[in-house]
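Engineer: Structure in structure tokens, see below.
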Amino acid sequence: MTTGFERDRDDVARGAKAVVVYPDTGASTRDAEARLAETAGLAMAIHVEVVDRVAIKVRTLQPSTLIGKGQLEALAATVRMGEAELVVFDANLTPVQQRNLEKALSAKVIDRTGLILEIFGERAATAEGRLQVELAHLDYQAGRLVRSWTHLERQRGGFGFLGGPGETQIEADRRLIRDRMARLKKELEQVSRTRGLHRDRRQRAPWPVIALVGYTNAGKSTLFNRMTGADVMAEDLLFATLDPTLRQIALPGIDKAILSDTVGFVSELPTQLVAAFKATLEEVVSADLLIHVRDIAHPDTLVQRDDVETVLRDIGVDTSVPRIEAWNKLDLLDEDERAEWLGEAERREDVVAISALSGEGVAGLLDTVAALLTASHRRYTILLDAGDGAGAAWLHAHGDVLSQSVEGEQAIYDVRMAERDYERFAQR
């Protein structure tokens, strides 16, 4: 059955001409140009042609149209001059505002949440990713069915499974959406359980899990590829990575660790996406160490850092989890900027300056990660039967064997390892 939602969604067409609008209320920590540049980048990520960028000073938010009447008329003229079919607002619009703006501008209007959902809808590559995006989109769209329904007085009678007597079309569509959302949540709960089982298996193994986090387009996937030799999509594009990728890596003194590449964060990440991507973000929550990849060549790098920290708090990452800041994109800095950032990085123990693209500093990052992961390791003297090859292999795989000797039928190992690994070994 085709619902009103499916008819209403009307995805943004590739190549559509768009005007990007930032209603500047003075509440943002970024200037208007930076906001417009980011939103234009988001729009271009779904192959929209941005023909103009407009910052509008808003002193009083209008409940019906967000911006004032005169500002709306001026914006309509800009849209006509640019022959734009789409207007992207860097703000969150109510359904009423969205409908009124579309009428006044004679163009399709989407807000920041709608734009990010469009990107995620296009990029999700795995079944899990598509489930998450559909759930987020349904949640967002459920309150916006009013946008295109002008026939609300039409009522649908009939059988119970189609809606009781007197149920309006929009009520039926909302019910169908709620039912679909309930099914999606069940499927994602199964995904979460499966991912949890995989995590439990890794923890029993155990291998430390390192999660790359950061603002979108900070260079996480490029660093992931550099560290693992993988070939994850890495482009100069916002939200190039949506689906989590896990790879095995070796670190100094650590035979095996798991590195996870995750979806990039963005300021004012829609709540629907945070909720829908819970299963994916659990990889971050359960990580043993976080590498926060920062684009230090970006003019808003400090604000982006704060935005990432906000999202990490929102998804429940424990503040006690060790973390390193990888100051990325050294290759884009001029000599003076480079010297300044390198000097600051050297003064801090939790920072490594790198270029994921060229590989500069990545070896030092691996050393720092290994040192943090092994910081709590203690030294143990372990006795094994001389013929216990499996035990010896386990010690080499999970600890740093400093020395070994044989006395009669016993092998003596001097090993540095995590306390939890020692306890597991003692129980074998």
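Conditions (1) over 21 Å from MET181 (Cβ atoms); (2) crowded, with 19+ Cβ neighbours inside 10 Å; (3) assigned by TED's automatic domain parsing to the domain that holds PRO63, marked per residue:
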residue	(1), (2), (3)
ASP90	yes, yes, yes
VAL96	yes, no, yes
GLU102	yes, no, yes
ASP111	no, yes, yes
ILE116	no, yes, yes
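Engineer: Turning to a different aspect of this structure: Among all residue pairs at least 6 apart or on different chains, which show Cβ distances below 6 Å where the first residue, located in region 31-46, is in the same structural domain as VAL58 (by TED's automatic domain parsing) and the second is charged (D, E, K, R) and part of a helix (DSSP H, G or I)?
Structural biologist: ILE46/GLU118; ILE46/GLU122
Engineer: Continuing with the same structure: For the structure I just gave you, tell me whether ALA356 is at pLDDT 90 or above and within 26 Å of LYS256 (Cβ to Cβ).
Structural biologist: yes
Engineer: Also, I was wondering about something else. Please count how many residues of region 309-336 are in a helix (DSSP H, G or I) and farther than 15 Å from GLY364 by Cα. Outline the logic, then answer.
Structural biologist: First, the residues of region 309-336 that are in a helix (DSSP H, G or I): 309-314, 330-332, 335-336.
Of the ones still in play, those that are also farther than 15 Å from GLY364 by Cα are 309-314, 331-332, 335-336.
Qualifying residue count, region 309-336: 10.
Engineer: Checking the condition touching a Leu at 6+ places or on another chain (Cβ under 9 Å) and under 22 Å from GLN141 (Cα atoms), which residue from ALA104, ALA76 passes?
Structural biologist: Numbers: ALA76 fails: under 22 Å from GLN141 (Cα atoms).
Going through ALA104, ALA76 in turn, the sole match is ALA104.
Okay, residues lined up against (1) modelled with pLDDT of 75 or more; (2) within 30 Å of ASP288 (Cα to Cα); (3) not assigned by TED's automatic domain parsing to the domain that holds VAL96:
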{"residue": "ALA142", "(1), (2), (3)": "yes, no, yes"}
{"residue": "VAL146", "(1), (2), (3)": "no, no, yes"}
{"residue": "TRP149", "(1), (2), (3)": "no, no, yes"}
{"residue": "PHE159", "(1), (2), (3)": "no, no, yes"}
{"residue": "LEU162", "(1), (2), (3)": "no, no, yes"}
{"residue": "ARG174", "(1), (2), (3)": "yes, no, yes"}
{"residue": "MET181", "(1), (2), (3)": "yes, no, yes"}
{"residue": "LYS185", "(1), (2), (3)": "yes, yes, yes"}
{"residue": "ARG202", "(1), (2), (3)": "no, yes, yes"}
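Engineer: List the number of the failed condition for THR94; all other conditions in (1) at pLDDT below 95; (2) touching a helix residue (DSSP H, G or I) at 6+ places or on another chain (Cβ under 6 Å) hold.
Structural biologist: (2)
The values are calculated or read from the model by the stated rules, or taken from the named source; none is laboratory data. Fair warning: this is a prediction, and the values are worked out from it, not measured in the lab. Cβ coordinates were reconstructed from backbone atoms using ideal geometry, including for glycine residues, and neighbour counts include every protein chain displayed.
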